[in-house]
Amino acid sequence: MFLVLRSMIRVALMNRHYEDTFAELTGHTVYGVVAWCLRGKRDYKSAHPVLLWFFPAYILLLIVVYFLGSMIAFAMLYWGTRAVPGWHAAFIASGSGLNTLGFATPSTKIGQWIAIPEGALGLGIVVFLFTFIPGYQTVIRSREDKTAWLYGRIGDDPTGLGLLEWCQRAGVMGEMNGVWESWESWFRMLRDTHSVLPMLSMSPSVQSGQSWIIAAAAVLDAAALTTSTLDAPSREAARVCAQTGTRALRAIAEALGYQSAGCSRTGVSRDVYDAACARLAAAGMRLKADGPASYAEFVAWRVQYEDVLVYLCRQTFSPLDGTFFHV
């Protein structure tokens with residue numbers, strides 16, 4: 001009973017991620033079923049309807065786990081206190097009390113006293129957890145609003161370079177502090193919610209062609225390019241955004257089981273970087289004079305978040321592989 005209550009508090013109330021046995025076993029079970037259903041589905045559009053079931057299935061199964069755990073705990077109490085004559089009667093009395101139906105409440109005083117807190121716990125399992133579902137949905141909608149904002153302006157294949165080019169066309173490149181601060185707030189929201197309840201990361205976008213991880217990669221690349229390459233007054237705001245985003249995604253990845261082993265990727269080649277710089281200059285943006293130093297700084301930023309993003313893509317069944325980073 002203590003373990004069930006502790007798990008409910010950790011999942012719904014604690015503003016910190018805990019390695020909870022009930023939540024982890026439930027998450028692994030749902031993850032395994034989803035992975036089995038997605039076997040052979042390499043097209044994200046065909047996998048998207050399956051992924052939409054992940055978070056609802058996790059919450060509903062977790063409620064079932066809490067209910068069964070509480071039922072077993074109270075059945076042991078009924079039997080241990082001799083409030084009922086045997087195990088069968090103990091489970092029937094426990095199910096009756098947990099459902100608040102009261103059709104098999106024991107006639108003994110100790111049994112009746114046990115039934116009172118059991119009924120309260122039964123109400124709490126259903127009402128308490130379902131009360132938090134709208135809050136989880138609000139978090140997902142907030143995440144997807146910014147994701148849709150990015151896709152609506154850049155297209156179906158958002159990149160960091162594409163975001164900077166759109167800002168230049170829209171006439172906001174001269175004062176980008178507001179853009180970086182809004183995305184910084186978005187990354188902070190992700191860290192405060194998705195690292196506490198990692199299963200939120202598994203919930204895909206409403207639109208099958210969109211991904212919050214792709215959006216995060218594009219924004220981080222744009223911030224890294226601005227900080228390392230552009231001669232713009234918003235470099236400091238871009239640096240804070242990139243730093244906040246890197247920390248947020250690392251916290252989410254670690255909550256999902258990520259263990260850093262050093263960057264194992266090659267990153268962006270100098271030729272690709274030079275081509276990106278040429279596009280930025282052609283769009284009318286001013287670049288720093290020292291090209292080699294700018295490239296080294298950009299690669300240093302990339303090292304901090306590249307592996308983390310690839311790990312998140314794999315864990316959340318996102319349609320990304322090792323080549324999705326392109327500026």
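Quick notes on this one:
- Test: residue in the range 110-117 that is more than 12 Å from MET1 (Cβ to Cβ) and not in a helix (DSSP H, G or I): no
- Failed condition for TRP183, given (1) of a type in the set (A, V, I, L, M, F, W, C); (2) free of Cβ contacts under 8 Å to residues at least 40 places away in the same chain; (3) part of a helix (DSSP H, G or I): (2)
- Condition check for THR100: part of a helix (DSSP H, G or I), of a type outside the set (A, V, I, L, M, F, W, C) and under 29 Å from TYR58 (Cα atoms): no
- Apart from one condition, ASP271 fits all of (1) within 20 Å of TRP180 (Cα to Cα); (2) of a type outside the set (A, V, I, L, M); (3) assigned to a helix (DSSP H, G or I); the exception is (1).
- Hits in the range 66-84 - residues which are more than 12 Å from GLU118 (Cβ to Cβ), surrounded by 18 or more Cβ atoms within 10 Å (Cβ to Cβ) and under 32 Å from the mean Cα position of the chain (by Cα): TYR66
- Of all residues in the range 274-289, those satisfying the criterion of being touching a Leu at 6+ places or on another chain (Cβ under 8 Å) and part of a helix (DSSP H, G or I) are ALA276, CYS277, ARG279, LEU280, ALA281.
- Residue in the range 179-197 that is modelled with pLDDT under 90 and hydrophobic (A, V, I, L, M, F, W, C) present: yes
- Qualifying residues in the range 186-223 (those that are part of a loop (DSSP other than H, G, I, E, B) and among the β-branched types (Val, Ile, Thr)) - the one nearest to ILE154 (Cα to Cα): VAL206
- Residue that is under 36 Å from the mean Cα position of the chain (by Cα), buried (at least 19 other Cβ atoms within 10 Å of the Cβ), under 30 Å from MET14 (Cα atoms) and modelled with pLDDT under 90, where the choices are ILE63, ILE114, ILE125: ILE125
- For the range 220-235, a residue qualifies if it is of a type in the set (A, V, I, L, M) and free of Cβ contacts under 8 Å to residues at least 60 places away in the same chain, and exactly one does: ALA232.
- Scanning the range 160-176 for residues that are touching a helix residue (DSSP H, G or I) at 6+ places or on another chain (Cβ under 6 Å) and at pLDDT below 90 turns up just one, MET173.
- Some residue of the range 254-267 being modelled with pLDDT under 90, closer than 15 Å to LEU225 by Cα and either of a type in the set (Lys, Arg) or assigned by TED's automatic domain parsing to the domain that holds ALA223 (or both): yes
The values are calculated or read from the model by the stated rules, or taken from the named source; none is laboratory data. Small disclaimer: the values here were computed from a predicted structure and weren't measured. All Cβ positions, even for glycine, are placed from backbone atoms using ideal geometry, and neighbour counts span all protein chains on display.
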